Amino acid sequence: MTAIVRFAPSPTGRIHIGNARTAILNWLMAQKTDGQFVLRYDDTDTARSTDEFAQGIAADVDWLGIRPHRVEWQSKRFGRYDEVADRLRAEGRLYPCYETAYELDRKRKLQEARKLPPVYDRAALMLTDAERAKLEAGGRRAHWRFRLDGRVVAWNDLIRGPQHIDTRSLSDPVLVREDGSYLYTLPSVIDDIDFRITHVIRGEDHVVNTAVQIEITQALGAKPPAYAHHSLLTGADGKGLSKRLGSLSIASMREDGLEPMAVVSHAALLGTSGNIHPYTDYRGLVDGFGLDKLSRAPARFDEQELLMLNAKLLHHLPWEKVKDRLPGDSEALWLAVRGNIVTLSDAGTWREVVNGGVTPVVAPEDAEFIAAARKLLPPSPWDATTWKVWTEAVKAATGRKGKPLFMPLRLALTGLDHGPELAQLLPLIGRETALERLG
Ligand code: GLU
């Protein structure tokens with residue numbers, strides 16, 4: 001079956017790794033089934049939604065390698081929502097309520113005091129036409145609630161398994177505010193029906209919404225889509241991610257120079273039974289994808305693990321895949337340094353080591369040794385065997401071996417006590433520069 005899925009962010013901020021995971025799981029589902037991915041902006045909150053955030057989200061989604069087949073804006077569909085809301089009003093499923101927030105709060109407190117569940121008492125359903133007219137004449141405007149059936153709504157969640165929610169335990173949800181604006185619940189259902197969404201894959205914070213949305217879908221005479229609610233991400237400390245969302249935004253990961261496919265691989269494989277392996281494109285991830293592989297347990301997101309995965313991905317990346325992003329560098333430099341970097345920008349450190357900006361470090365007790373080594377530098381041209389030829393000669397002449405042989409040479413040539421293999425760096429540094437540094 002080809003799936004039509006959607007990713008539905010509210011453009012009231014940028015997306016973070018948790019939202020990205022939802023987007024990626026939907027994209028994998030679409031790819032796996034040759035289906036379609038709808039990017040839907042849930043921007044019914046026109047006061048908080050901005051074009052700038054929407055554009056930022058589009059850029060983030062694109063950076064993650066997701067190519068939506070269709071883009072939709074809820075703010076462009078109010079006419080359609082009005083039409084459906086009117087139909088529900090005519091059928092008595094959407095009813096006007098006039099309680100103020102203060103009055104609702106008082107009701108809740110009384111229920112609490114009587115140890116009753118804080119469920120809306122449907123007092124507004126009892127109002128006569130005359131009472132309603134009086135409230136309106138007094139300046140009150142209606143908000144609109146959906147009259148739930150009050151039954152057990154069941155669905156087979158593709159991640160969580162069979163779910164049962166008794167909607168008698170829920171308040172009739174407000175779908176339309178006093179000012180006529182829509183809460184997210186109804187537009188989402190209408191869009192899912194109109195865009196023929198087959199699978200709703202989203203975070204488990206929406207499980208209760210699903211019971212309500214299934215009722216609304218059925219009230220509209222449509223068949224609900226399949227639902228799959230994934231667990232939410234926690235930080236390495238096991239707590240929710242919400243506190244540090246800034247640093248976990250996709251935009252900041254991009255600015256930090258992370259590889260999109262490291263982020264994608266991490267997000268896609270967290271909380272699954274599969275090993276977290278860095279894929280360089282979606283193919284392998286799509287092949288291994290299945291909603292049934294996602295665990296119900298919260299998935300831990302650890303920035304350090306992401307960095308390690310990024311490093312692992314770079315270690316094997318061929319020159320072809322990075323050359324556009326490293327203009328002016330050579331394949332030889334890339335092959336020499338890729339095993340020693342965590343993000344691509346770290347390549348700059350080693351570029352400097354090769355091209356200049358090095359302060360050679362020579363300990364006084366090594367001065368004589370370095371001078372002897374300098375004299376033994378082989379003639380040009382240099383290649384990958386030069387280091388071995390040279391150090392064999394130095395070893396024979398000075399009697400040094402192991403670390404006392406190699407470390408002073410590394411310190412003098414690079415100014416650092418660690419780094420890529422000198423066999424690869426040395427020909428890049430070249431004889432002239434080596435002579436200078438050893439001098
Ligand atoms: N805008 C909603 C959110 O970001 C979408 C939830 C859904 O996928 O239905 O939570």
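At a glance:
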item	result
Residue among THR391, THR385, THR414 that is polar (S, T, N, Q), without any contact (Cβ under 8 Å) to a residue 40 or more places away in the chain and surrounded by 13 or more Cβ atoms within 10 Å (Cβ to Cβ)	THR391
Any hit, the range 236-251, residues being in contact with a Leu (Cβ under 6 Å, 6 or more places away or on another chain), assigned to a strand (DSSP E or B) and either under 26 Å from LEU28 (Cα atoms) or at pLDDT 85 or above (or both)	no
Single condition GLU259 does not satisfy, out of (1) at pLDDT 95 or above; (2) more than 14 Å from the chain's Cα centre (by Cα); (3) away from the ligand (no atom under 13 Å from the Cβ)	(2)
Check on GLY235, under 23 Å from the mean Cα position of the chain (by Cα), away from the ligand (no atom under 12 Å from the Cβ) and not hydrophobic (A, V, I, L, M, F, W, C)	yes
Selection within the range 164-183 - within 30 Å of the chain's Cα centre (by Cα) and surrounded by fewer than 18 Cβ atoms within 10 Å (Cβ to Cβ)	HIS164, SER181, LEU183
Filter result for the condition that a residue is over 24 Å from ARG351 (Cβ atoms) and under 46 Å from the mean Cα position of the chain (by Cα), over GLY402, GLY415	GLY402
Scope the range 363-373; condition surrounded by 16 or more Cβ atoms within 10 Å (Cβ to Cβ) and more than 14 Å from ALA396 (Cβ to Cβ); matching residues	ASP366, ILE370
Total residues in the range 184-219, condition surrounded by fewer than 20 Cβ atoms within 10 Å (Cβ to Cβ) and small (Gly, Ala, Ser)	2
Any hit, the range 131-151, residues being buried (at least 16 other Cβ atoms within 10 Å of the Cβ) and either at pLDDT below 95 or within 31 Å of the chain's Cα centre (by Cα) (or both)	no
Residues that are more than 11 Å from the ligand (Cβ to nearest atom) and surrounded by fewer than 22 Cβ atoms within 10 Å (Cβ to Cβ), drawn from the range 5-16	ARG14
Restricting the range 407-439 to residues that are of a type in the set (Gly, Ala, Ser) and outside any helix (DSSP H, G or I), the residue that is nearest to PRO381 (Cα to Cα)	GLY430
Enumeration of residues in the range 99-151 that are more than 20 Å from ALA211 (Cβ to Cβ) and among the basic types (Lys, Arg)	ARG106, LYS107, ARG108, LYS109, ARG114, LYS115, ARG132, LYS134, ARG140, ARG141
Test set (1) farther than 15 Å from ILE17 by Cβ; (2) free of Cβ contacts under 8 Å to residues at least 60 places away in the same chain; (3) crowded, with 22+ Cβ neighbours inside 10 Å - VAL354 fails condition number	(2)
Of residues in the range 257-289 being more than 23 Å from PRO318 (Cβ to Cβ) and in contact (Cβ under 8 Å) with a residue 60 or more places away in the chain, the one surrounded by the most Cβ atoms within 10 Å (Cβ to Cβ)	ALA267
Pairs with Cβ under 7 Å, 6+ apart, first in the range 186-214 and in a strand (DSSP E or B), second at pLDDT 95 or above and more than 12 Å from the ligand (Cβ to nearest atom)	HIS199/ALA3; HIS199/MET29; HIS199/ALA226; ILE201/MET29
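Residue-wise test of (1) within 28 Å of ARG338 (Cα to Cα); (2) charged (D, E, K, R); (3) not in a helix (DSSP H, G or I).
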position: VAL354; (1), (2), (3): yes, no, no
position: GLY357; (1), (2), (3): yes, no, yes
position: PRO360; (1), (2), (3): yes, no, yes
position: ASP366; (1), (2), (3): no, yes, no
position: TRP382; (1), (2), (3): yes, no, yes
position: LEU405; (1), (2), (3): yes, no, no
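Quick grid of which residues meet (1) within 14 Å of the ligand (Cβ to nearest atom); (2) of a type in the set (S, T, N, Q); (3) at pLDDT below 95:
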| position | (1), (2), (3) |
| --- | --- |
| HIS164 | no, no, no |
| LEU170 | no, no, no |
| THR185 | yes, yes, no |
| ILE190 | yes, no, no |
| ARG196 | no, no, no |
| ARG202 | yes, no, no |
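Conditions tested, residue by residue: (1) without any contact (Cβ under 8 Å) to a residue 60 or more places away in the chain; (2) under 20 Å from PRO173 (Cα atoms).
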residue	(1), (2)
SER75	yes, no
TYR81	no, yes
ALA90	yes, yes
ASP121	yes, yes
ALA133	yes, no
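Table: residues versus (1) away from the ligand (no atom under 16 Å from the Cβ); (2) more than 25 Å from ALA228 (Cβ to Cβ).
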{"residue": "ASN19", "(1), (2)": "no, no"}
{"residue": "ILE24", "(1), (2)": "no, no"}
{"residue": "MET29", "(1), (2)": "no, no"}
{"residue": "ASP45", "(1), (2)": "no, yes"}
{"residue": "GLU83", "(1), (2)": "yes, yes"}
{"residue": "LEU88", "(1), (2)": "yes, yes"}
{"residue": "TYR102", "(1), (2)": "yes, yes"}
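The values are calculated or read from the model by the stated rules, or taken from the named source; none is laboratory data. Everything numeric here is computed off the predicted structure, so don't read it as measured data. All Cβ positions, even for glycine, are placed from backbone atoms using ideal geometry, and neighbour counts span all protein chains on display.
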